[in-house]
Amino acid sequence: MGFLQNIFGKIQDDEWVKQAEFENWNDIVYTRKEMDMDDPVQRREYIGSCLQQMEEAARELDALELEYNDVTSHLRDIDEINSLPPEQRLEINELAQKIIDSQTQQDKFAKRKSKMSDEEFEHMERLESQAKEGAKKLSEAEDYQKKIRNDLKRLDNEHEAYLYREEELVNTIENSKKLIITIAVALGFVILFLLILQFVLELNVAYGYMISVLLAAIAVTLLYVNSTNSLVELKSVRKSISRLIMLQNQVKIRYVNNTNLIDYLCLKYRVSSSKELTSLYDRYLKEAKERAELEDATKNLDTIQKDLVFMLRHFRVKDPEIWLHQPEGLVNHNEEVEIRHSLNVQRQSLRKRMEYNRDVVAGNAKLEIEDMAKQYPKYTQEILDMVSRYEEKYPD
């Protein structure tokens, strides 16, 4: 606990030292203890130092006086405005309110959420006459693109089906040929077997010949008919495939051309779809309307500001332009009170600085010079000469 108290005490001591130093910095100390006033160089340097302080104080006082008079003039302007008859004050208030409304409108425009960049606005402004028609064309192209895709999918499905059928028919024809050969070979073996039975075993196989040939003939006939029908269908299928390929090519050409049209329109309007272009065009119309209103408001604001300045100047207000930056002070009493309070605080600060430069800086330097003239009468003329040159440079 004692350790903390020591630290806290040290902090307080440091703050006190800083405050003391700051107060000491405001004090101007004059001392001639270590100076040899009989030495002309030291004497003139010391007197010159005092005169330099007076010179610096004079320059500061000139600037402060200008600022002080300006602040005082603003306070007088407030009094002048408040002393106006009600009907004249009403005219001023109406103009001030119009300025506030116009500035509020400008602020809303600057903070709006649907704000377009200047680049977007200028781009749409160049294409304004084409944008609506362009959105329609792009929408139609997108719808047409969907239809073309559906047609291509349907043609692809048909093509796949015909290719599958073509493969089936080719297999059927090949299988029919193989079966006919197989039946012929089988019939040869059967006839050979029947011949053996007939000549070796001396059996009557006439009916065997008849049945074998009949069955083989029936089978071959059926297979031949099936193969012939498959060949006829295969030709039809291949013609359909050729026709589908031609249709596909035609649709693909339309698809490519339509795709290029969509890409071009999107590139031209810097969008990715017709919906985006429509939205951008609607935003542009809204933005154009708001910008036109803002431009009119800005023109009106300029006229209103000139009218307000003219009217205030007519009513003997010395600095009417300042009210263009604080019109709330004309229509809102609380704002006026704040402005008046701020000006009074500024004037008090200026007065304090003027008093410091006049009384502390210049006054003490003057007293120091007068005291030197009294203490060293033999150098009075020299001192007066130096003061005279100073007064010529900075006359009262």
Using a cut-off of 19 Å between alpha-carbon atoms, which lysines can reach K137, once sequence neighbours fewer than 8 places away in the same chain are excluded?
-> K146, K147, K268, K275
Starting from the Cα-Cα distance between S272 and Q326, subtract it from 0.36 nm times their residue separation and give me the gain in nm to one decimal.
-> 14.7 nm
Inter-part gap, Cα centre of the stretch 268-326 to Cα centre of the stretch 60-76, in whole angstrom, is 35
Residues L127 and Q103, FRET efficiency given R0 of 35 Å [Cβ-Cβ distance, rounded to 0.05] = 0.60
Cross-link partners of K132 among aspartates and glutamates (Cα-Cα below 13 Å; sequence separation of 8 or more within a chain) | E140, E276, D282
With all protein chains present and a 1.4 Å probe, how do E168, E336 order by accessible area, largest first?
-> E168, E336
For the chain, calculated [θ]222 nm from helices alone, where every DSSP H run of n ≥ 4 adds -39500 (n - 2.57) | -30500 deg cm²/dmol
Efficiency of FRET between E120 and L261 - r from beta-carbon atoms, R0 22 angstrom, step 0.05 | 0.40
Lys/Arg +1, Asp/Glu -1 at C-beta; the chain dipole; positive extreme among L350, A184, L244 = A184
Each label sits 7 Å from Cα toward the beta-carbon; between E91 and A217 the label points are separated, in nm, by 13.1
Return the lysines within reach of K98: Cα separation strictly under 30 angstrom, same-chain partners fewer than 8 residues apart disregarded; answer none if there are no such residues.
-> K108, K111, K113, K115, K286, K289, K299, K306, K318
Choose one of P85, V317, A206: the residue whose Cα lies farthest towards the positive end of the charge dipole of the chain (beta-carbon charges +1 Lys, Arg; -1 Asp, Glu; about the Cα centre).
-> A206
Debye, to nearest 20: dipole size of the chain, +1 on Lys, Arg Cβ, -1 on Asp, Glu Cβ = 3920
For L155, L324, L192, the accessible-area ranking with a 1.4 Å probe, largest leading, is L192, L324, L155
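The values are calculated or read from the model by the stated rules, or taken from the named source; none is laboratory data. Remember, it's a predicted structure, so these values are computed and weren't measured experimentally. Using ideal geometry, Cβ is built from the backbone for each residue, glycine included, and neighbour counts are taken over all protein chains shown. Each accessible area value is taken on the protein alone, full model and side chains, heavy atoms only, with ligands, DNA and RNA left out. Shrake-Rupley method; radii C 1.70, N 1.55, O 1.52, S 1.80 Å.
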